[in-house]
Amino acid sequence: MNEESNKNGHCDFGQYESLWGNHRDNCKKIIRITENYIVYIDKRNHIDWETTESYDSSIPSENKADREKLLSQCSISEHKPTGGLSEEFILSFKTIIGESIVNCLENNCDGSTDILKQAHEFRLERIVEKSREWYLSFTVGISSLIILIALLINWKCIQINEGVLEYINIGAWAVAGSCLSIILRSGNMQNASYAGKQLHFIESGCRLIGGFISGQIVYLGIKSGFLFSSLIDVNNFQYVSSLMALLAGASERFTPSIISKIEDSTSLIEVTKEK
């Protein structure tokens, strides 16, 4: 029985019950079980493994150093942050790490290293996807709310001073520009979900506020005659000022991010391959 097995949410030890049954109470998912070793995920989503004394004594001394080094790298990889990921993705990541450990125990160090690299890539892809999901959700949600409020004010559903209306409209155009800028560059974002959902909300909100303020600054510059005075007349003032506010909002892209970037996915693998 060399493949993982689960029955009704419990670990099935099969013919190895007498050998490895002491792990049953803490077992969540068996990755590999043999007469020489067991590799499994415990109920805290940590990878654990145990080998028999006869197996340990059979390992050639010249292989032990590389084997221990690779097992240490697997342990380090396992504890890389996975904040924001679902239980399903975390278990998938831990399972890939577990397969790397299995290959190491089978003295297939090259295969173990390749699988470890796949685990790194899997984790990084998932945390970037989750980060983008949060970032775009907050950005589009906040922007939609601000634009909706501006529309309600223009439709007279919300009563305000008429002198404030033009600034609200400019602000809405600027926020729309910031939102569009974030959407257009979202595919290149390499932020990490383990920075936390709250930080994604804060940065998204701050960028939209920054875009709003930039739009107001440009609008004041246009009204005062300091900016684009040669382009503006009575007939096109509203259109030019709205366009400039939209572009000013897009300037959010020049603001440094406060969210952690993902680490280099190759650095740990390169260390692992060193001899």
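Starting from the range 233-253, keep only residues that are in contact (Cβ under 8 Å) with a residue 60 or more places away in the chain, then list their pairs with residues that are assigned to a loop (DSSP other than H, G, I, E, B) and of a type outside the set (Lys, Arg) whose Cβ atoms are within a distance under 8 Å, requiring at least 6 positions of separation or different chains.
Pairs found: SER241/ILE232.
Would you check if there is a residue in the range 148-161 being of a type in the set (D, E, K, R), at pLDDT below 90, over 24 Å from the mean Cα position of the chain (by Cα) and not in a helix (DSSP H, G or I)?
Yes; the residues of the range 148-161 include at least one that is of a type in the set (D, E, K, R), at pLDDT below 90, over 24 Å from the mean Cα position of the chain (by Cα) and not in a helix (DSSP H, G or I).
Which one of these does ALA172 not meet: (1) in contact (Cβ under 8 Å) with a residue 12 or more places away in the chain; (2) under 26 Å from the mean Cα position of the chain (by Cα)?
(2)
So which residues in the range 217-250 are among the hydrophobic types (A, V, I, L, M, F, W, C) and not in a helix (DSSP H, G or I)?
Hits for the range 217-250 are PHE226, LEU227, PHE228, LEU231, ILE232, VAL234.
Residue check: is ILE115 in a helix (DSSP H, G or I) and over 30 Å from ASN63 (Cα atoms)?
So ILE115 fails the test.
What about SER214, is it at pLDDT 95 or above and either in contact with a Gly (Cβ under 8 Å, 6 or more places away or on another chain) or outside any helix (DSSP H, G or I) (or both)?
Considered against the rule, which asks whether it is at pLDDT 95 or above and either in contact with a Gly (Cβ under 8 Å, 6 or more places away or on another chain) or outside any helix (DSSP H, G or I) (or both), SER214 comes out as yes.
Enumerate the pairs (first residue in the range 9-33 and touching a residue at least 24 places away in the same chain (Cβ under 8 Å); second residue anywhere and small (Gly, Ala, Ser) and crowded, with 17+ Cβ neighbours inside 10 Å) with beta-carbon separation below 8 Å, excluding pairs fewer than 6 apart on the same chain, so at least 6 apart or on different chains.
ILE31/GLY98; ARG32/GLY98
Could you please tell me which pairs satisfy a Cβ distance under 6 Å, a separation of 6+ or placement on different chains, a first residue in the range 201-219 that is over 18 Å from LEU145 (Cβ atoms), and a second residue that is of a type in the set (Val, Ile, Thr) and buried (at least 23 other Cβ atoms within 10 Å of the Cβ)?
Short answer, once both residue conditions are applied: TYR219/ILE170.
One residue is enough: does the range 134-147 have a residue meeting the conditions on the phi > 0 side of the Ramachandran plot and surrounded by fewer than 17 Cβ atoms within 10 Å (Cβ to Cβ)?
The answer is no, given that none of the residues of the range 134-147 is on the phi > 0 side of the Ramachandran plot and surrounded by fewer than 17 Cβ atoms within 10 Å (Cβ to Cβ).
Among all residue pairs at least 6 apart or on different chains, which show Cβ distances below 9 Å where the first residue, located in the range 126-139, is over 11 Å from LEU85 (Cα atoms) and the second is acidic (Asp, Glu)?
TYR135/GLU203; PHE138/GLU203
Take residues that are under 17 Å from GLY111 (Cα atoms) and either touching an Asp or Glu at 6+ places or on another chain (Cβ under 9 Å) or modelled with pLDDT of 95 or more (or both) and tell me which of the strands (runs of 3 or more DSSP E) falling wholly in the range 26-76 contain 1 or more.
Fully inside the range 26-76 and qualifying: 27-33, 37-42.
The values are calculated or read from the model by the stated rules, or taken from the named source; none is laboratory data. A quick note: this is a predicted structure, and the numbers were derived from the prediction, not measured. All Cβ positions, even for glycine, are placed from backbone atoms using ideal geometry, and neighbour counts span all protein chains on display.
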